[in-house]
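Please treat every number below as a calculation from the coordinates, not as lab data. Keep in mind it's a predicted model, so treat the numbers as computed, not measured. As a convention, Cβ positions derive from the backbone with ideal geometry for all residues, glycine included, and neighbour counts pool all protein chains shown.
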Amino acid sequence: MSSKQTKAKRSNVLRKLVVFVVSGVLMTTLWALYLAPTVASGEETITVKTIWFAGQHEWFQPLIEIFEKTHPNVKFEVTVMGVVQLEDITIQLMTDPEGPDTLMANYGTWTTVLPVLAEAGFIVNLDPYYEKYGWWEFLPEHLRTHQIRGSMYLFSVGSVFVPVVYYNKAIFREIGADVPTTWEEFYAVCGKLRSEGYEPIALGNRDAYPAYHIYQGIAARTVPMEDYEKVQRFTSAPYKMADYPGFAKAFGILREMEEKKYWATGSAEMAEVDAQQLFFGGKAGMVCSGTWSMNTFREALGDDLGFFIFPPIEKDIPASLTVSLSDEFPLMSSAKPEVRDAVAEFFDLVLSKQGQVVRMELGNMPIRTDFTSAELEKYDPIMLEVMRMFSSGEYPVTDELWTFWNIEAATEIQALGQEVIAGIKTPEQVVEALDKLATRARGF
Amino acid sequence: MTIIRSLNVRKQVTAYLMILPAVIFLGFFMFYAAFEATRLSFYSWYGIGEKTFVGLANFRELFNDPRFYNSLYKTGLLAGGRVVGLIGMGFLLALALHKRVTGWKVFRVIFYLNCVISLTVVGLLWGSLLNPVVGPITILLKMVHLVPPGWLGDPNVVIWTLIGIGVWQFSGFPMIFLYASMEGIPTQVYEAAALDGITPLKEVWYITLPLIKPVLLTITLLQIIFSLAVFDIVFVMTKGGPGYSTEVLTLYMYRVAFRFHRFGYGSCIAVVFVLGTLAIAYLFIRATRLKEA
C-alpha cells in the first residue's frame, strides 16, 4: 500500500469520525431540548388516561387544555364513549392494570358494582381529596347519599339538573293558555292544545327514558317526600313501592295521559330526537325534558322557549325539584399516587368557579350554588330561575327516584314505564314488578 | 408399496397441518368458549371478584323466570314468522327468476342486494320509512284515509313489523340457493310434463318442489338457526320494546350478562338457548328426513 493510499484511508476514517461525533452531539442536543421542560422542573411527564361520556367531554376538553397549560408535566389521554357502550365494559376497564386512570360512571346503574370495586381496591377512596379541596360544600346532602360505607369514591361533577316542562310561548299565546299552576290546569292546557290541532306533549317513548323522567317527576307529587325517599334510598329494607299508593297512581297518570291523547300521536314509536323535532317545528306545544337540554331547546326556539315544573297533584304534597346528579360521576382507579393527585387537582379545576363558568358558557347548569344572580344573568334566564328555585328553599329537593336502586330496577323501570303507557301492564303490576327487581340482587 | 404409504402419510400430515389453524381458532373461540359458558352457568359471578358455585340455582331461577318465558315466546314468534316469510318469499322470487320474468337478470341482483346492507342502515332506513309523523309510509296511508298502525309502537304489531323487515332484507339469501337448485332440474322433465298438459301450479307442486327438496330443507334449517339467533335488528330498531314486546332470548341474555353483570345467569340462558336450538335442528332433521333427502 502506497503512502498516498494510506493517507487517503486515514483521511476517510477521520471524516467518518467527525461525522459520527457531530451527529452524536446534534442528537444529544435535540434530545436534551425535548426533555428540557420536564427535566428543568425536575418532574416526569404524568399521563392521565381518561374515558368520558360524549356529553361531558364537551366541557371537560376546554378545561383539560387550561389544566395542561398550567401543569405542563401532565398530559391527558382522552377517549370518548357513549354511555351504554362504556357501561358494558366498565368492569373490564376498571380491573385492567392498563385501564383508564379515571372514567365516567352512572351512579344509578352502579350501586351494586361500586361497593365490590371499592372493596377489591379497584377504585380509589376520595375522602382525603374531598377534605383537602373542600368539595363537601357542593350539594352536601346529595353527596352524602352517594357514599359507600361512609366514604366517597366518586367525583361529583353533576349539575343541578331538574326535569322541567318546556313550552312554546308563541303557541300558548295563540291558544290563550297560561302556565299551569295546578294539575287540573295542566290537563286543561293539554286538552286545549289537542283541540286546537297541536300535539300537546312531544314524547319520544321509543327511547323509554323520557317517560321515566316524567314518571319520577309525577311520583314526587303523588308520594309524600318522606316516603318517596324511603323507597328511593332503601335506607332500611323492605320499603316497597306497593306500600305507598302514590307510586301506582303516578304510573296511572302516565296511562291516563295516553288515553286522553295528551302524548303526541305515535309517541310510542318515536325516538326522543324525533319528538323534539315536533316541538322545535311548532307542532307540539310542550315537551317534558330537563335543564340538561336547555341549550338545545333555546337554540331551536329562542325567546319563544318557556318552562315550568310539574304543578302539584295532591293538595298536601308540594311541587318539588328532583335533582339528577346521577350520571356525572367520574371514578378514579389509578394506582399511581402522582396520577391520583393530578386527577384530583383537575377535578378541583372542574369544580372551581372558572370550571363552572366554562360549563355554563356551554349552556349547562352549574353544580355550585354560590353564583350570584348578577353572575347568572349572563347566561340563559332558565338557569337563573332554576337556581333561584333551588336556593329559595320553597321547593323540597330530592334525587331522582332510581338513583340508589340496583341496576336491574334502575334499568327496567324504563321498559315497565313503556308497558304501562301501552296498557300492557296495570300500574299495580308494574309496581309489583319493580319491587321484586329492587329488592332482589342488592349487593352480591 | 413403501413409497405409496409414505406419500399417503405425507398427504395426511399436510392435510392435518392445513386444517390446524382452523382447529386452533375454532377450539379456542368456539369449543373453549362454549365450555367456559357452560361452566359459568353453574356459578354466580358479576364480572369481578370470586365466582361462587351455585349448582343448578341459575337453572331453577331461569325456569321460574316469567321474563324468560316471554322472551322464549317472542323468539319463537319472530323466528317462526321469519322462516315462513323468508322461505315463502325466497321460493316465489326464485321461481320468478327461474321462469325468466322480464328483467330477471337485474332482479336477481336487486333481490340479493338487501342481504349485504348493514343492519344499522336497515334500522335507520325502516325507522324513517315508518316514522309516525313524517314517514313516507305513514303519509301515504293517511293520503288514502287509512290509519297507520303503530308499526314500532303497538305491542301487537311491532313483532310483525320486525318479521316483515327481516323478510324484506334476507329473502335474497334463500332465493339464490333455491334458484340455483331449480336451474339444476333437467329441462326434459318440464318438457315431458308439458306434453302431458300439466298446469303451472301442478308443475311447481309435482316437479319443482320435490326436485329441490334437499336444498329447500337445508336452507329452511339454516333459516331456523339464523332466525332463532336474531339480535341485531331487534336491538337496532326496538331494543326489545315497547316494554318487553320484542325482547327475544338473545337480547335478554345480553341484558342479563352485560347490563346487569349477572354473567352466571346470562351463561345459563346461553346454554339453554344453544341446547334448545340444537334440539329444534335435530327434530327438524328427523321430521323432514333431511338426511335421506
Per the 1/(1 + (r/R0)^6) rule, R0 = 60 Å and r from the Cβ atoms of B:R286 and A:V19, FRET efficiency to 0.05 is 0.15
What is the projected area of the convex hull of the Cα atoms of the stretch B:178-293, averaged over all directions, in nm²?
-> 10.2
Helix A:3-40: inclination vs chain A longest Cα principal axis, degrees, rounded to 10, gives 30
Measure out, as a whole number of angstrom, how far apart the alpha-carbon centroids of the stretch A:310-366 and the stretch B:149-185 sit.
-> 48
Find how many whole Å separate the alpha carbon centroid of the stretch B:72-143 from the alpha carbon centroid of the stretch A:214-290.
-> 37
Label-to-label distance, nm, for residues given as B:I4 and B:L278 (7 Å Cα→Cβ offset) = 4.1
The stretch B:1-111: radius of gyration over Cα atoms, expressed as a fraction of 2.2 N^0.38 Å | 1.94
Expressed as a whole number of Å, what is the distance separating the alpha-carbon centroids of the stretch B:1-42 and the stretch A:151-182?
-> 63
How many nm separate the modelled label positions at A:E77 and B:L211, each set 7 Å beyond the Cα in the direction of the Cβ?
-> 6.5
The relative contact order of chain B, taking Cα pairs under 8 Å that sit 6 or more residues apart, comes to a percentage of 29
Report the label-to-label distance for B:K142 and B:E50 in nanometres (one decimal), using points 7 Å from each Cα along the Cα→Cβ vector.
-> 6.2
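Just to be sure I understand: if I project the alpha-carbon convex hull of the stretch A:228-368 onto a plane and average over all orientations, what area do I get in nm²?
Averaged projected area of the stretch A:228-368's Cα convex hull equals 13.3 nm².
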Would you kindly state how much longer the chain becomes between A:W136 and A:E259 on full extension, computed as 0.36 nm times their sequence separation minus their alpha carbon distance, in nm to one decimal?
-> 39.7 nm
Top mean-square fluctuation among B:I19, B:I163, B:I207, Gaussian network model of chain B, C-alpha springs under 10 Å?
-> B:I19
Around B:R100, with a cut-off of 13 angstrom between Cβ atoms, what is the net charge of the other residues, counting Lys and Arg +1 and Asp and Glu -1?
-> +2
On average, how much area does the Cα convex hull of the stretch A:105-198 cover when viewed from any direction, in nm²?
-> 9.5
Stokes-Einstein translational diffusion, the stretch B:132-205 - Kirkwood Rh over all Cα pairs, 1.306 mPa s, 10 °C, in µm²/s = 97
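For an R0 of 35 angstrom, estimate the FRET efficiency from the Cβ-Cβ distance between A:R149 and A:Y209 and round to the nearest 0.05.
0.75
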Which whole-Hz couplings ³J(HN,Hα) result when phi for each residue of the stretch A:261-274 is put into the Karplus expression 6.51 cos²θ - 1.76 cosθ + 1.60, θ = phi - 60°, listed in order with x for Gly and Pro?
-> 6, 7, 7, 4, 4, x, 4, 5, 10, 9, 6, 4, 5, 5
Using alpha-carbon coordinates, inclination of helix A:427-439 to the longest axis of chain A, degrees = 40
So which of A:K283/B:K142; A:K425/B:K142; A:K261/A:K283; A:K69/A:K378; A:K169/A:K283; A:K240/A:K261 end up more than 24 Å apart by C-alpha?
-> A:K425/B:K142; A:K69/A:K378; A:K240/A:K261
Quick one: compute the contact order of chain A, relative version, from alpha carbon pairs under 8 angstrom and 6+ residues apart, as a percent.
-> 25
Here the alpha-carbon Rg of the stretch A:392-431 over 2.2 N^0.38 Å rounds to 1.51
Folded to 0 to 90 degrees: helix A:183-195 orientation relative to chain A principal axis, Cα | 90
Three semi-axes of the equivalent ellipsoid, the stretch A:216-303, Cα gyration tensor, whole Å, largest first = 32, 17, 10
Calculated P(r) tail over 43 Å for the protein assembly as shown, as whole % of Cα pairs | 42
Out of every Cα-Cα pair in the stretch A:340-444, what percent are more than 20 Å apart?
-> 62
Taking the stretch A:305-444 and dividing mean pair separation by its residue count, relative contact order in percent (alpha carbons under 8 Å, at least six apart) | 25
What does the charge add up to near B:F170, with Lys and Arg as +1, Asp and Glu as -1, over the other residues with Cβ less than 13 Å from its Cβ?
-> 0
Run through the DSSP bridge list for chain A and note the antiparallel percent, rounded to the nearest 5.
-> 45
Compare B:Y112, B:Y73, B:Y282 in a GNM of chain B, Cα atoms joined below 10 Å, and give the one with the largest fluctuation.
-> B:Y282
Could you check which residue among B:I185, B:I225, B:I176 shows the biggest mean-square fluctuation in a GNM of chain B with a 10 Å Cα cutoff?
-> B:I185
Identify all aspartates and glutamates with a Cα-Cα distance to A:K260 below 19 Å; exclude those on the same chain that are fewer than 8 residues away in sequence.
-> A:E184, A:E185, A:E196, A:E199, A:E269, A:E419, B:D154
Would you kindly compute the Cα radius of gyration of chain B and its largest Cα-Cα separation (Dmax), both in Å?
-> 24.1, 85
What is the gain in length, in nm to one decimal, between B:E61 and B:N156 on full extension, counting 0.36 nm per residue of separation less the C-alpha to C-alpha distance?
-> 31.4 nm
